[in-house]
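In what follows, a structure is listed as structure tokens, so that the remarks can point back to it.
The values are calculated or read from the model by the stated rules, or taken from the named source; none is laboratory data. None of these values were measured; they are calculated from a predicted model. Positions of Cβ are backbone-derived with ideal geometry, glycine not excepted, and every protein chain shown enters the neighbour counts. We work out accessible area using only protein heavy atoms, side chains counted, and drop any ligands, DNA or RNA first. Shrake-Rupley method; radii C 1.70, N 1.55, O 1.52, S 1.80 Å.
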Amino acid sequence: MSAAANQPELIIVADAEALARAAAERVMARIAANTERVAICLTGGSSPKQLYQLLGSDAYRGRIPWDRVHWFIGDERVVPETDPLNNMTVARTIFLDRCAPPGHVHPIPTRAADPDQGAVAYARELQAFYGSGKLDPARPLFDLVLMGAGPDGHTASLFPGYPAIEETERWVVGVPTANVAPFVPRISLTLPALASCREMLFEIAGHDKQPILTRLLNGENLPALRARSNGETVWLIDQAALPEGFRGGR
């Protein structure tokens with residue numbers, strides 16, 4: 001599968017450690033390509049933790065112009081900020097609180113019990129940052145959007161068969177119930193908001209991702225396959241996640 005016709009480009013690496021290093025270098029390249037204000041949209045789950053550790057390490061921390069990089073998140077679980085299930089809290093604990101100016105970290109608000117309220121608030125914050133309530137294909141919202149693929153093919157908190165996956169107008173939506181554990185309400189950016197980026201980078205690692213990657217590579221109409229950047233879409237995959245006998249990628 002190549003990047004032609006807006007198809008994802010597959011990049012195969014040896015293992016999870018190599019995947020984190022490759023992802024870190026792509027983050028650095030996107031930051032370096034923009035000499036003004038940079039916007040990175042992070043992801044939750046277990047896949048990005050090694051990447052976050054690298055970004056906060058001595059090898060990378062000094063290469064990041066923290067004063068002009070802003071950090072957002074693609075989805076959040078409606079739990080308190082102190083809860084270890086909170087996606088942005090994980091990123092803050094690993095590297096952001098030590099490295100980034102507080103005003104450059106943009107968590108999704110989860111204080112309201114109703115996820116729709118948090119969605120409206122985050123949409124307003126994104127629109128204020130962007131300077132418009134309407135996305136312009138020629139001016140991406142994000143430089144880089146990090147993504148993952150869940151065991152059911154969801155990405156961000158856009159689950160198969162849920163109405164949120166069909167949203168075309170709103171930037172952020174509330175998701176009252178999750179399709180996978182933890183079964184807590186979610187708040188998620190929509191496909192159009194996530195697509196407004198120069199690069200969308202999926203991290204898919206580990207043998208447990210082999211079944212869902214097989215389905216995605218077979219073209220099943222799942223959210224993780226439907227999520228595409230208006231710019232470049234890259235699937236970064238380690239050997240353990242690849243289906244048996246797979247040939248492709250680079």
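Counting only the Cα atoms, region 1-117 fills a convex hull of 139 Å³ per residue. Largest accessible area first, the listed residues D83, D75, D116 line up as D116, D83, D75 when surface is computed with a 1.4 Å probe on the assembled protein chains. Extension gain for R139-H207 works out to 20.7 nm (0.36 nm per residue, less the C-alpha to C-alpha distance). Annotation: peptides 90-96, 168-174, 183-189, ranked by per-residue average of other Cβ atoms within 10 Å with the highest first, follow the order 183-189, 90-96, 168-174.
Taking only the C-alpha atoms of the chain, Rg followed by Dmax gives 16.8, 48 Å.
Restricting region 6-75 to trypsin sites (Lys or Arg not before Pro) that sit in a DSSP loop and have at most 13 other Cβ atoms within 10 Å of their own Cβ leaves R37, R63. Taken over region 90-176, the ratio of Cα radius of gyration to 2.2 N^0.38 Å equals 1.21. Potential lengthening of the chain between D58 and R170 amounts to 36.4 nm, from the contour at 0.36 nm per residue minus the alpha-carbon distance. Sorting 120-127, 155-162 by average packing, meaning the other beta carbons within 10 Å per residue, from highest down gives 155-162, 120-127. Ordered from longest to shortest, the equivalent ellipsoid semi-axes for region 147-233 are 19, 17, 11 Å, each the square root of 5 times a Cα gyration tensor eigenvalue. Cα convex hull, region 137-187: 97 Å³ per residue, rounded to a whole number. Note on region 75-101 and region 169-208: Cα centroid distance 16 Å, given to the nearest whole angstrom. Within the chain, the selection of entire DSSP H helices by a Cα span of 20 Å or greater along the long axis and an average Kyte-Doolittle value of at least 0.5 returns 16-33.
Take the Cα radius of gyration of region 182-232 and divide it by 2.2 N^0.38 Å, N being the number of residues; the result is 1.30.
Would you mind telling me the antiparallel percentage of the DSSP bridges in the chain, rounded to 5? Expressed as a percentage, antiparallel bridges in the chain total about 25.
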